[in-house]
Number of protein chains: 2
Amino acid sequence: MDQSQQFLAWELFIIFLAAKLVGALFERLRLPAVLGEILAGVLIGPYALGWIHPSITLESIAEIGAIFVLFDAGLETSPGDLIRVGRTALLVAVAGVLVPFVLGFGYMKLIGDQTKEAIFVGAAMVATSVGITARVLADLNVLSSQLAKVILGAAVFDDILGMVILALVAGLARSGGVDWLRLGILLGESIGFTLFMILVAPRIVRRVQTRVEGLSLRDAPLSLALVVCLLLSWLTAKIGMAAIIGAFFAGLMFAEFAPRWNLNPKAQAINEFFAPFFFFSIGAKLDVKLLSGTVLETALVISLLAIVSKVAGCGLPMMKEGWHPALAVGFGMMPRGEVALIVALAGLSTAIVTQETYAVVVFMTGITTVLAPPALRILFRPERQEAVRAPRME
Amino acid sequence: MDQSQQFLAWELFIIFLAAKLVGALFERLRLPAVLGEILAGVLIGPYALGWIHPSITLESIAEIGAIFVLFDAGLETSPGDLIRVGRTALLVAVAGVLVPFVLGFGYMKLIGDQTKEAIFVGAAMVATSVGITARVLADLNVLSSQLAKVILGAAVFDDILGMVILALVAGLARSGGVDWLRLGILLGESIGFTLFMILVAPRIVRRVQTRVEGLSLRDAPLSLALVVCLLLSWLTAKIGMAAIIGAFFAGLMFAEFAPRWNLNPKAQAINEFFAPFFFFSIGAKLDVKLLSGTVLETALVISLLAIVSKVAGCGLPMMKEGWHPALAVGFGMMPRGEVALIVALAGLSTAIVTQETYAVVVFMTGITTVLAPPALRILFRPERQEAVRAPRME
């Protein structure tokens, strides 16, 4: 027993330390810490220094990490706001999904890629990272502005669309072809589930509120939220969506009561432990030596397309309000993250996506994430000057 | 990928739900929730209903759970208090370790047990559960009383003694005999490490305090505490103590600054997620059908001995202050928990302890834990009437 215990403790320690160290370095350079954590995985993972060859247990912990990243993001999203900015956000999301997918898929086909792999690349370019976007907007202190709400709403919707595309892509990976009936069912299920989780589920929590608070259980609300989080993660995985989308909706369900039950700092604490393992494992799967020659070229073009397509796609529906809101929303939607990486991982693990293409997608995720904070710092200047600097939540 | 993800999510969900449900039921019956979580493991684990056959990943998550249970307990212990009640607590601890060990070992030899197994049973009877004791005293609102501090201090010291005995026992399991030189080194290391962690380590945190707060890292104190927790867990496992004792000392090291950095609710939140898996897995290893006939008889005698020996051993050094403090401290030290179960598990996994004897130890843990709350409720009546009912921490 103690041998394996010792190994587990060592693996956890070294990964956590590396992720936090490089993360802190990145924050000091005013870059998102997330990128530092991924870089830590690249550095000490099997393809570079080779200190760590992630075990099965570690992969599972990374998966739980992804679940809590999205649960936390859900907790910080208000279903009410989502409904209020719904129409605009939905338009932004749909356009912001279609344009990147078409451009990404088209370019990969153009350079002679397999159709299946091209679909994976297109799918990976679709979903804006709610987590990174929310973090950047929070750092700028503009989360309560109208534009930020549109961005977050659209980011949520395009995650859902991204999930549907992921399911399509996963079906593709399993069966070798697209089962249109199955896809139709999945699309129906996804839309029904999404509507239920946004419109009905939060009311359930409201209804059982007093009963939850009366439960004879230490920190009953947190326990209940965790139970629901795990339940929905399993359920969404079972019906063919991804576990993380269930986790996101579980968070959303409890978002209204999160301040009252003090859920956010608690979910954040759990996240603080788990998330580095997720981001580290993303990096650990990247063979950075592949990024040279034509692969690097492809990575640069795909990154450029990812930026242009999001800014154009998401900006277009906002043009009626002028250039400035259009650009702010467009650049706000630029960073890709978890979903892109999960799509790429799904492709990699089923051998549809090559190591090279995986590297392209991770590179694209990095570039779009690095460029978002400076772009938004400029574009949100008016909102920042208006905003009363409220004391930052810890 | 999605198959394993689905399975992981299912396993996590069903275990967490079962543990929380039975835990809530127990709290309603005014019994410790911990016992309910263990019972959940017994019920749906492989030996009864057989719904869950814990995977390797799950075992690792349970081990991380044990680490966070002790980390949390450490965070809630003040090194200053430990030093202040040190002499009395140390006396209580030593007597409370010797008497149970001798009685437990003696009885098992008497009924014809193997020497090695008898040592494991004796060792399992040694350590009072800091976690359960602290929880019961907190529930009674008497944590700040002098007696409670003696109890907690002694519980900490006997955990350390228990760890040394565990190391002895582990050495026994590995080598087939006791390597006295190695044991001497371990004892020296343990004492040195303990003194260092109680006297010096908290000062290190005090010294780097401002630098930690200036770190450009989201929630730097929590990150640092987690890094230290994982580091010490690995280190103690490496030098032959148990990972959990390192986790405990990591908590102790940060205890002084825990309120300022708001560490307790965060560690508790992480714990809230992990701990049920630990306690569940304890139950899942118990074949409850074995508890009949002579095994049940042994279990009852060992439980009785565990109670009498702790109350007598720990009460004796307190007799100079009268019967009441002696009994309060004696019964306060009664509940066994994590360490006992870890000792038993170590024995089980190395096949020195049989399934039957494992069942005896788990039964003993359950009995001593169930009886502590009602006994303490009576014995702490004077302190409870004095205590100002401070608002409970969430």
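The values are calculated or read from the model by the stated rules, or taken from the named source; none is laboratory data. All of these numbers come straight from a predicted model, not from anything done at the bench. Cβ atoms come from the backbone with ideal geometry, glycine included; neighbour counts cover every protein chain shown.
Quick check on my filter: what residues within region B:15-32 are more than 7 Å from every other protein chain (Cβ to nearest Cβ), in a helix (DSSP H, G or I) and more than 15 Å from residue B:278 (Cα to Cα)? Steps first, please.
Here is the first cut: in region B:15-32, the ones more than 7 Å from every other protein chain (Cβ to nearest Cβ) are B:15, B:18-19, B:21-22, B:25-26, B:29-32.
Subset that is in a helix (DSSP H, G or I): B:15, B:18-19, B:21-22, B:25-26.
Across region B:15-32, the qualifying residues are B:21, B:25, B:26.
Can you pull out the residues in region A:202-221 that are among the polar types (S, T, N, Q) and at pLDDT below 75? Don't jump to the end; show me each part of the working.
Just the residues of region A:202-221 that are among the polar types (S, T, N, Q), to begin with: A:209-210, A:216.
Within region A:202-221, A:216 is the sole residue that qualifies.
Report those helices (runs of 4 or more DSSP H) wholly inside region A:51-125 carrying at least 3 residues which are among the acidic types (Asp, Glu).
Details: elements: A:56-75, A:79-84, A:86-110, A:115-124.
Hits in region A:51-125: A:56-75.
Give region B:301-324 a look and list any residue that's closer than 13 Å to residue B:92 by Cα and of a type in the set (Ser, Thr, Tyr), or say none.
B:309
Which condition number does residue A:67 fail, the rest of (1) buried (at least 23 other Cβ atoms within 10 Å of the Cβ); (2) within 30 Å of residue B:238 (Cβ to Cβ) being met?
It fails just one condition, (2).
Taking the residues in region A:1-14 that are assigned to a helix (DSSP H, G or I) and touching a Ser or Thr at 6+ places or on another chain (Cβ under 7 Å) as candidates, determine which candidate is nearest to the other protein chains (Cβ to nearest Cβ).
A:9
Conditions tested, residue by residue: (1) surrounded by fewer than 24 Cβ atoms within 10 Å (Cβ to Cβ); (2) within 14 Å of another protein chain (Cβ to nearest Cβ); (3) closer than 25 Å to residue B:274 by Cβ; (4) under 15 Å from the mean Cα position of the chain (by Cα).
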| residue | (1), (2), (3), (4) |
| --- | --- |
| A:260 | yes, yes, yes, no |
| A:287 | yes, no, no, no |
| A:293 | yes, no, no, no |
| A:300 | yes, no, no, no |
| A:322 | yes, no, no, no |
| A:328 | no, no, no, no |
| A:334 | no, no, no, yes |
| A:351 | yes, yes, no, no |
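Here are B:309, B:349: which of them is polar (S, T, N, Q) and within 30 Å of residue B:227 (Cβ to Cβ)? Before the answer, list the steps.
Details: B:309 fails: within 30 Å of residue B:227 (Cβ to Cβ).
Exactly one residue qualifies, and that residue is B:349.
Filter region B:253-267 down to the residues that are modelled with pLDDT of 90 or more and of a type outside the set (A, V, I, L, M, F, W, C) and list them by number.
B:266
Within region B:234-245, take every residue that is within 15 Å of the chain's Cα centre (by Cα) and at the interface with chain A (Cβ under 8 Å from one of its Cβ atoms) and give me the one that is modelled with the highest pLDDT. Even if it seems obvious, please write down each step before you answer.
Start the filter on region B:234-245 by keeping residues that are within 15 Å of the chain's Cα centre (by Cα), which leaves B:241-245.
Keeping just the survivors that are at the interface with chain A (Cβ under 8 Å from one of its Cβ atoms) gives B:242-243.
Details: B:242: 72, B:243: 80.
The qualifying residue modelled with the highest pLDDT is B:243.
I'd like to know if region B:75-92 contains one or more residues that are within 14 Å of another protein chain (Cβ to nearest Cβ), hydrophobic (A, V, I, L, M, F, W, C) and crowded, with 21+ Cβ neighbours inside 10 Å.
Within region B:75-92, one or more residues are within 14 Å of another protein chain (Cβ to nearest Cβ), hydrophobic (A, V, I, L, M, F, W, C) and crowded, with 21+ Cβ neighbours inside 10 Å.
Please state which of the following conditions residue A:64 fails to meet, knowing it meets all the rest: (1) within 20 Å of residue A:363 (Cα to Cα); (2) within 17 Å of the chain's Cα centre (by Cα).
(1)
Scan region A:15-53 for residues that are more than 19 Å from the chain's Cα centre (by Cα), among the charged types (D, E, K, R) and surrounded by 23 or more Cβ atoms within 10 Å (Cβ to Cβ) and jot them down.
Residue satisfying the conditions is A:20 alone.
For the condition under 18 Å from the mean Cα position of the chain (by Cα), among the aromatic types (Phe, Trp, Tyr) and buried (at least 19 other Cβ atoms within 10 Å of the Cβ), what is the one hit in A:249, A:254? Spell out the reasoning first.
Working: A:254 fails: under 18 Å from the mean Cα position of the chain (by Cα).
Exactly one of A:249, A:254 is under 18 Å from the mean Cα position of the chain (by Cα), among the aromatic types (Phe, Trp, Tyr) and buried (at least 19 other Cβ atoms within 10 Å of the Cβ), namely A:249.
Which of the residues belonging to region B:202-229 are buried (at least 20 other Cβ atoms within 10 Å of the Cβ), touching a Leu at 6+ places or on another chain (Cβ under 7 Å) and without any contact (Cβ under 8 Å) to a residue 40 or more places away in the chain?
B:223
So which helices (runs of 4 or more DSSP H) stay within region B:241-308 end to end and still have 3 or more residues that are closer than 29 Å to residue A:5 by Cα? Outline the logic, then answer.
Details: elements: B:243-254, B:258-261, B:263-284.
Qualifying helices (runs of 4 or more DSSP H): B:243-254, B:263-284.
Hey, any hits in region A:186-201 for a residue that's buried (at least 17 other Cβ atoms within 10 Å of the Cβ), over 30 Å from residue A:257 (Cβ atoms) and either modelled with pLDDT under 80 or within 21 Å of the chain's Cα centre (by Cα) (or both)?
Taking region A:186-201 and keeping what is buried (at least 17 other Cβ atoms within 10 Å of the Cβ), we get A:186, A:190, A:193-194, A:197-198, A:201.
Filter again for over 30 Å from residue A:257 (Cβ atoms), leaving A:186.
Narrowing the set further to residues that are either modelled with pLDDT under 80 or within 21 Å of the chain's Cα centre (by Cα) (or both) leaves A:186.
There is at least one residue in region A:186-201 that is buried (at least 17 other Cβ atoms within 10 Å of the Cβ), over 30 Å from residue A:257 (Cβ atoms) and either modelled with pLDDT under 80 or within 21 Å of the chain's Cα centre (by Cα) (or both).
Within region B:205-228, can you find the residues that are within 9 Å of another protein chain (Cβ to nearest Cβ) and not hydroxyl-bearing (Ser, Thr, Tyr)?
The first filter runs over region B:205-228 and keeps only residues within 9 Å of another protein chain (Cβ to nearest Cβ), leaving B:215-220, B:222-224, B:226-227.
Answer for region B:205-228, where residues must be within 9 Å of another protein chain (Cβ to nearest Cβ) and not hydroxyl-bearing (Ser, Thr, Tyr): B:215, B:217, B:218, B:219, B:220, B:222, B:224, B:226, B:227.
When you scan region B:65-73, do you find a residue that is touching a Gly at 6+ places or on another chain (Cβ under 6 Å), within 14 Å of chain A (Cβ to nearest Cβ) and more than 22 Å from residue B:289 (Cβ to Cβ), even just one? Full working, then the answer.
If we filter region B:65-73 for residues that are touching a Gly at 6+ places or on another chain (Cβ under 6 Å), which is where we start, we get B:69, B:71, B:73.
Pick out the ones that are also within 14 Å of chain A (Cβ to nearest Cβ) and you get B:69, B:71.
This time we only want the ones that are more than 22 Å from residue B:289 (Cβ to Cβ), so: B:69, B:71.
Within region B:65-73 (the criterion being touching a Gly at 6+ places or on another chain (Cβ under 6 Å), within 14 Å of chain A (Cβ to nearest Cβ) and more than 22 Å from residue B:289 (Cβ to Cβ)), the answer is yes, since at least one residue qualifies.
Take region B:197-217 and flag every residue that is part of a helix (DSSP H, G or I) and touching a helix residue (DSSP H, G or I) at 6+ places or on another chain (Cβ under 9 Å). If you could, list the steps in order and put the result at the bottom.
Keep residues of region B:197-217 that are part of a helix (DSSP H, G or I), which gives B:197-214.
Across region B:197-217, the qualifying residues are B:197, B:198, B:199, B:201, B:202, B:204, B:205, B:208, B:209, B:212, B:213, B:214.
Name every residue in region B:309-346 that is in contact (Cβ under 8 Å) with a residue 60 or more places away in the chain and not in a helix (DSSP H, G or I), in order of residue number.
B:333, B:334, B:335, B:336, B:337
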